[in-house]
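In what follows, a single structure is set out as structure tokens and then discussed.
The values are calculated or read from the model by the stated rules, or taken from the named source; none is laboratory data. The structure presented is a predicted model; accordingly, all values stated were derived computationally and were not measured. Note that we place each Cβ from the backbone using ideal geometry, even for glycine, and neighbour counts take in every protein chain shown. When the accessible area is computed, the model is the full protein with side chains, heavy atoms only, and any ligands, DNA or RNA have been set aside. Shrake-Rupley method; radii C 1.70, N 1.55, O 1.52, S 1.80 Å.
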Amino acid sequence: AQSVAQPEDQVNVAEGNPLTVKCTYSVSGNPYLFWYVQYPNRGLQFLLKYITGDNLVKGSYGFEAEFNKSQTSFHLKKPSALVSDSALYFCAVRALTASSGGYQKVTFGIGTKLQVIP
Amino acid sequence: NAGVTQTPKFQVLKTGQSMTLQCAQDMNHEYMSWYRQDPGMGLRLIHYSVGAGITDQGEVPNGYNVSRSTTEDFPLRLLSAAPSQTSVYFCASRPDRSINQPQHFGDGTRLSIL
């Protein structure tokens, strides 16, 4: 069974400081990893993904994520946080496994609330 | 493109009532899914569809039905509402079976069961 862990319920960071939101995963086979952001009363929005290749992936709004296969991690990072980055962040994993109709199940973490303090 | 549209945005039901949550997408996506979001539990898959006429159960399907008569629409039916179904419901779609495609989400339906 595949799983995703986001060990921090909330991350607080001062505006202008670098931020990291942690994610670790467990899958059989090669992982396909995603980060989504959710603003209040909105649906999840795609930020970035890791499929293969370069371990550092760049995405929307200046975010990037580093894939580390040996540590089974996919931490989300941003060099300089903005107050507008305050939101709920979800890590998700999908893997190539046998399933009905070819649907590859995606597993979401429970989310990490990012609070950027002015 | 409107993307994924969910209606209603808010709903209050009494225990035992039934209702249908609507979901429509205008991106010609094959795959559509319903999730519920509860505090501390992330998103859990209720039902999904890999194309018109094809649906299957996710991890928490009990008490819910779906159908997919067209590519665009994927309604979720609550048969007899229970307080445990109080949640925020999200519909999502993605283009096809390609494993590297992210999902597109609607803005959710906030449902309270009294």
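What to note about this one:
- Cα gyration tensor shape for the stretch B:50-114, rounded if a/c is under 1.5, else prolate or oblate: prolate
- Virtual spin-label span in nm between A:Ile117 and A:Thr72, 7 Å along Cα→Cβ: 3.4
- Amide H partners (placed H, <5 Å) of A:Glu8, local residues excluded: A:Lys22
- Modelled FRET efficiency - R0 45 Å, B:Leu79 with A:Asp54, Cβ distances, 0.05 increments: 0.40
- Flagged links, alpha-carbon separation over 20 Å, of A:Lys22/B:Lys9; A:Lys58/A:Lys105; A:Lys77/A:Lys113; A:Lys78/A:Lys105: A:Lys22/B:Lys9; A:Lys58/A:Lys105; A:Lys78/A:Lys105
- From the largest down, the stretch B:1-55 spans 35, 23, 23 angstrom on the principal axes of its Cα atoms.
- Using a simple spin-label model with pseudo-atoms 7 Å out from Cα toward Cβ, B:Ser67 and B:Ile54 lie 2.0 nm apart.
- Chain B: relative contact order as a whole-number percent, Cα under 8 Å and 6+ apart: 36
- Dipole orientation for chain B: of the candidates B:Ser112, B:Asn62, B:Gly3, B:Ser112 has the Cα lying most toward the positive pole (charges on Cβ; Lys, Arg +1; Asp, Glu -1).
- Share of Cα-Cα pairs in chain A lying beyond 24 Å, as whole percent: 23
- Chain A against chain B buries an accessible area of about 2200 Å², both chains summed, 1.4 Å probe radius.
- Cut-off 11 Å between beta-carbons: net charge of the residues surrounding A:Phe67, Lys and Arg +1, Asp and Glu -1: -1
- Share antiparallel - DSSP beta bridges, chain B, percent rounded to 5: 90
- Charge-dipole axis of the protein assembly as shown as Lys and Arg at +1 and Asp and Glu at -1 on Cβ define it, positive-most pick from B:Ala52, B:Met41, A:Pro40: B:Met41
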